[in-house]
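Novice: Please find one structure pasted underneath; my questions will follow.
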Amino acid sequence: MNSENLDKEARARVVIALDYPEPGLALDLVHDLAGRVAIFKIGLQLYTAAGPEIVRAVTATGAKVFLDLKLHDIPNTVGKAVGAAAALGVRMLTIHLSGGSRMIEAAVAACPADLLLLGVTVLTSSNEETLRETGIENSSVADQVLRLAELAQRAGVGGLIASPHELEALRERVGHGIKIITPGVRPSWAAANDQQRVMTPREAIARGADYLVIGRPVTAHEEPAAALQKIFAELEN
Ligand code: C5P
């Protein structure tokens, strides 16, 4: 493969998180990185502040949008919300797998082929105590992650969100027919910030991640385009 193809491949795997309080700052970054980033992630903060208009504005630059709303509601409502996101043109969308099979199946049924539906298993901010206090008595976090991943796979969900440290166990359990997207990655030169157990982008890909979600190592860098280029270079070498 020549270097341009390699670059394309690395580029296609990196999702940049637009964790901003308002659309102006987000769009400044999108324009700064135009043509280099294939997918931008819009999460609860920015979507709540800026609404569907920010999705349209990012899409208008030619980039794809990953809408990270972590849907969790009754099956009918989740199905309708998936349909609304599809109509907006988003290309990746998250649901909480703890909503159960009926909710997951409603989401899958409403999901068109060009929208990758992603299941969130156990948030990395949760621990065994969180499971216990919410009534999950007999499961470790690791077991609960695998259990929810199996639910997702049975229902036909296209991908999973996972910590890089869950990658190997997940691949062993669900195989390679499902995409895995990992946040919590940090190049060796970047600060860990509040992420507790990080892994480098290269290592995460080697362990089976299909996509990486990267925020502050790029967005908080004084030269985001240079930081991104450095990450691509590390993925290629
Ligand atoms: O700035 P940073 O690279 O830590 O951003 C990571 C992104 O991935 C943020 O949007 C964060 O909300 C999201 N995320 C995460 N850990 C999870 C799930 C999502 O960091 N377990």
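Novice: How many residues does the stretch 64-94 contain that are over 13 Å from G43 (Cβ atoms) and either assigned to a strand (DSSP E or B) or of a type in the set (S, T, N, Q) (or both)? It would help to see each step written out before you state the result.
Specialist: We begin by selecting, within the stretch 64-94, every residue over 13 Å from G43 (Cβ atoms); these are 64, 72-89, 91.
Applying the additional criterion that residues be either assigned to a strand (DSSP E or B) or of a type in the set (S, T, N, Q) (or both) yields 64, 76-77.
Count: 3.
Novice: Select from the stretch 153-183 the residues that are assigned to a loop (DSSP other than H, G, I, E, B) and crowded, with 21+ Cβ neighbours inside 10 Å and write down the one among them that is farthest from the ligand (Cβ to nearest atom).
Specialist: My answer is V157.
Novice: Something else: Here is a list of conditions, (1) assigned to a helix (DSSP H, G or I); (2) within 16 Å of the ligand (Cβ to nearest atom); (3) not small (G, A, S), and L123 meets all of them except one; can you say which number that is?
Specialist: If we test L123 against (1) assigned to a helix (DSSP H, G or I); (2) within 16 Å of the ligand (Cβ to nearest atom); (3) not small (G, A, S), just (1) comes out false.
Novice: Before we move on, is G43 at pLDDT below 95 and either under 16 Å from V15 (Cα atoms) or of a type outside the set (S, T, N, Q) (or both)?
Specialist: Against the criterion (at pLDDT below 95 and either under 16 Å from V15 (Cα atoms) or of a type outside the set (S, T, N, Q) (or both)), G43 does not qualify.
Novice: On to the next question. Looking at D210, D194, which one is within 16 Å of the ligand (Cβ to nearest atom) and within 23 Å of C111 (Cα to Cα)?
Specialist: Residue meeting the stated conditions: D210.
Novice: For residues in the stretch 205-220 being part of a strand (DSSP E or B) and open to solvent by less than 10 Å² (accessible area, probe 1.4 Å), which is farthest from G158 (Cα to Cα)?
Specialist: The selected residue is I214.
Novice: What pairs come out if I take residues in the stretch 178-202 that are touching a residue at least 40 places away in the same chain (Cβ under 8 Å) and pair them with residues that are near the ligand (Cβ under 10 Å from one of its atoms) and open to solvent by 50 Å² or more (accessible area, probe 1.4 Å) whose C-beta lies under 6 Å away, six or more apart or interchain?
Specialist: G184/Q195; G184/V198
Novice: Quick check on the stretch 206-234: of everything there that is touching a strand residue (DSSP E or B) at 6+ places or on another chain (Cβ under 9 Å) and of a type in the set (K, R), which residue is nearest to G35 (Cα to Cα)?
Specialist: R216
Novice: Which residue out of L27, L44 is open to solvent by 10 Å² or more (accessible area, probe 1.4 Å) and either in contact with a His (Cβ under 7 Å, 6 or more places away or on another chain) or within 24 Å of V157 (Cα to Cα) (or both)?
Specialist: L44
Novice: Checking the structure you have, find out if any residue of the stretch 221-234 is within 15 Å of the ligand (Cβ to nearest atom), without any contact (Cβ under 8 Å) to a residue 40 or more places away in the chain and open to solvent by 50 Å² or more (accessible area, probe 1.4 Å).
Specialist: yes
Novice: Please find, among S101, S126, the residue that is closer than 17 Å to A162 by Cβ and polar (S, T, N, Q).
Specialist: So the residue among S101, S126 that is closer than 17 Å to A162 by Cβ and polar (S, T, N, Q) is S126.
The values are calculated or read from the model by the stated rules, or taken from the named source; none is laboratory data. Every value quoted in this text rests on a predicted model; they were computed, and no experiment measured them. Every residue, glycine as well, gets a Cβ built from its backbone with ideal geometry; the counts of neighbours run over all protein chains shown. Areas reflect the complete protein model, heavy atoms only, side chains present, ligands, DNA and RNA absent. Shrake-Rupley method; radii C 1.70, N 1.55, O 1.52, S 1.80 Å.
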